[in-house]
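The values are calculated or read from the model by the stated rules, or taken from the named source; none is laboratory data. None of the values given here were measured: they were computed from a predicted structure. In this analysis, Cβ positions are derived from the backbone assuming ideal geometry, glycine residues included, and neighbour counts consider all displayed protein chains. Only protein heavy atoms, including side chains, enter the accessible area calculation; ligands, DNA and RNA are left aside. Shrake-Rupley method; radii C 1.70, N 1.55, O 1.52, S 1.80 Å.
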Amino acid sequence: MGGGGGGEGNLMGVLVPTVNAGETSAPAAGTEVVVVVTEEEEVDKDILCPICMQIIKDAFLTACGHSFCYMCIVTHLQNKSDCPCCSHYLTTNHLYPNFLLNKLLMKKSARQMAKSATPVEQLRQAIQQGCEVSVKELDSLLSLLMDKKRKMEQEEAETNLQILLEFLQCLKKQKVEELNEIQNDLQYIKEDINAVEKRRIELHRTRGRYSAKMRTLVDDSSAMTVRPPLRDKGSGAIVSSPVNLQEQGRAGTSQTRNTDTGAPRNSQIVQRKDDNHGGSDSQDPNQPGKSLARKRRVHAQFNELQDCYLQKRRYWARQSQKQGERVANIKNREGYSAGLEDFQSVLSTFTRYSRLRVVAELRHSDIFHSANIVSSIEFDRDDELFATAGVSRRIKVFEFSSVVNEPADAQCPVVEMSTRSKLSCLSWNNYTKNHLASSDYEGIVTVWDVTTRQSVMEYEEHEKRAWSVDFCRTEPSMLVSGSDDCKVKVWCTKQEASVLTIDMKANICSVKYNPGSSAHIAVGSADHHVHYYDLRNISQPLYIFSGHRKAVSYVKFLSNYELASASTDSTLRLWDVNENVPLRTFKGHTNEKNFVGLTVNSEYLACGSETNEVFVYHKAISKPAARYRFVSDDQNDPDGDMGSFFISAVCWKRDSPTIVAANSQGTIKALVLAA
């Protein structure tokens with residue numbers, strides 16, 4: 001791991017046996033030879049070489065009566081001309097082979113080998129050395145060996161059969177479990193098919209009754225077209241017979257009535273007919289195409305949807321078993337089980353959209369700054385305004401409705417504020433509409449009043465660049481920030497200093513309050529982990545979510561228990577902060593070095609990509625549900641090759657399929673999910 005994270009290795013390894021030199025003493029003259037070290041014997045000091053203190057190899061005797069290894073004594077005499085033991089004058093001419101000692105060493109070595117050798121090796125050595133054995137003894141020995149061989153083969157066969165049997169039993173158990181799981185899945189599917197078919201029959205009957213009722217209303221409205229002459233009776237007009245009325249209707253003699261009264265009623269009748277058939281797929285010319293497109297999306301992501309269905313169905317089955325049979329039998333108003341209802345919600349939302357469509361575009365360019373990278377986009381609490389900030393050192397606030405409805409050349413920010421440093425992050429206060437927090441490259445956290453365009457509070461405790469800031473939703477006076485100084489700081493707008501500091505071991509890239517708690521925050525760190533803290537006890541994280549292979553650049557909450565994280569390993573991950581388990585990994589976009597943005601709502605995650613694309617994922621499906629590529633409008637880039645451009649910020653408009661995204665070129669686009 002990197003970026004401050006690392007595992008603790010095992011500091012205690014296997015110890016290497018050593019010989020304590022202080023326990024050996026110099027051998028007596030004429031008896032120095034070698035030591036043979038075994039586990040069961042003490043060292044024989046008489047057979048150690050006085051120079052190398054090892055068993056003598058190729059023993060040579062000196063004129064003074066001492067024995068050495070030949071190479072040891074020759075090497076010594078190249079530097080000195082004396083005996084290493086008694087200092088007597090010595091040259092190579094005074095060295096003689098010690099045949100007796102060499103023979104004794106060979107016998108000792110043979111005895112040691114015989115002691116450590118197996119009976120088979122001893123027998124082989126005896127036969128090789130010419131040991132006299134009779135034919136009868138050999139026959140007996142061979143018979144014994146054959147019996148031993150047959151016994152060993154039988155034991156080996158029994159062992160092999162036992163291993164094979166255990167394998168087959170284990171395989172059988174696994175397959176039985178898989179079969180039971182498949183049978184349970186098939187039972188779930190059958191139950192759900194019956195529930196869906198029953199619901200379809202009910203809808204068909206309801207639609208039939210509704211159609212019959214509407215036909216009755218249409219017939220009544222048609223009959224009303226011949227009644228106006230009868231109402232003329234009260235005013236003294238001549239009453240015409242039904243035959244005359246029919247003839248007049250065919251002849252068109254009552255033009256004024258047809259013009260003033262008949263036309264509106266006829267249009268009303270047409271409108272009612274449209275209303276009557278509006279819910280029918282066969283009457284909407286676009287409906288078959290939409291239905292076909294949704295079916296194609298299902299087939300394209302069939303494996304993902306299958307896994308999602310089985311996961312939800314099994315989960316709710318386990319929950320029902322835990323809570324008892326009473327809960328297991330609870331159905332929703334359509335007659336669906338909880339698992340099927342949950343999956344239907346996923347299926348309907350996932351197949352509803354397949355692309356992103358541009359509804360507005362504006363440029364974040366600044367004539368005073370050539371750099372236009374937008375680092376952060378945030379909507380206010382009412383989704384009426386959105387603020388942008390970046391390396392241009394300016395916070396710009398736009399009215400969303402104006403951006404969407406007015407021409408591109410007429411779009412101007414309603415508020416613009418200058419800062420001293422490049423900006424990294426923005427966060428609106430969820431209660432005080434006009435309060436906006438920012439973090440910048442100098443480590444300063446600022447709270448702004450958008451109405452007065454002035455700063456309300458400035459916090460300068462961070463020692464390095466502050467990457468992230470976030471207002472608490474449940475406690476509007478609290479906010480949290482994270483910085484490259486490896487510190488997370490909690491602030492209160494009523495105090496000038498931080499109220500809490502968490503020291504970590506790696507750079508902090510992102511911080512986020514749990515939307516349902518003022519005591520829990522998530523921290524994305526360069527150590528590849530997401531740290532989840534309870535601010536009431538900051539001695540250690542409540543949970544540490546591991547799985548990313550690089551720095552965690554963003555953390556965002558979809559709900560009180562669902563947390564999304566983004567990393568420069570080109571993945572998004574979804575976690576359950578209540579159960580401390582990973583839920584899903586999302587892949588498709590490219591993110592290896594830049595901050596490309598992350599935004600979430602209750603159903604979808606969206607992020608940028610270093611391919612200058614916006615990617616949208618459904619939280620239940622690992623593959624992208626939609627994507628959109630920014631096209632270059634640079635005159636020097638006629639082919640639309642975006643080169644090094646990348647998406648730098650994204651933000652959902654809450655409870656809406658609309659997302660605002662910006663890229664490193666300074667282009668901001670409002671996109672909407674579309675079929």
A correct Karplus calculation of ³J(HN,Hα) over region 307-320, with 6.51 cos²θ - 1.76 cosθ + 1.60, θ = phi - 60°, whole Hz and x for Gly and Pro, returns 4, 5, 4, 5, 4, 5, 5, 5, 4, 6, 5, 5, 4, 5
The alpha-carbon center of region 88-134 and that of region 577-600 are separated, in whole Å, by 72
Violating pairs (Cα-Cα greater than 32 angstrom) within the set 198/587; 148/175; 489/550; 512/593:
198/587; 148/175
√(5λ) per eigenvalue of the Cα gyration tensor, region 480-620, largest first, Å
25, 16, 14
Given a Förster distance of 45 Å, the FRET efficiency implied by the Cβ-Cβ spacing of residue 299 and residue 175, rounded to the nearest 0.05, works out to 0.95
How much of residue 457 can a 1.4 Å solvent probe reach, expressed as accessible area in Å² and rounded to 10?
40
Let me check against my output: what whole-number percent is the relative contact order of region 428-474, with C-alpha pairs under 8 Å and at least 6 apart?
39
Give me a comma-separated list of calculated 3J(HN,Hα) values for region 414-421, in order, Karplus coefficients 6.51, -1.76, 1.60 applied at θ = phi - 60°, integers in Hz, x for any Gly or Pro.
7, 9, 9, 10, 9, 10, 7, 9
Using the Karplus curve 6.51 cos²θ - 1.76 cosθ + 1.60 with θ = phi - 60°, what ³J(HN,Hα) values do you get for each residue of region 203-219, in whole Hz, with x for Gly and Pro?
5, 4, 5, 4, 5, x, 5, 5, 5, 4, 5, 5, 5, 4, 5, 5, 5
Residue 581 to residue 183: extension gain in nm, 0.36 nm per residue of separation minus the Cα-Cα distance?
140.6 nm
How about residue 149: which lysines have a C-alpha closer than 22 Å to its C-alpha, ignoring those fewer than 8 places off in the same chain?
136
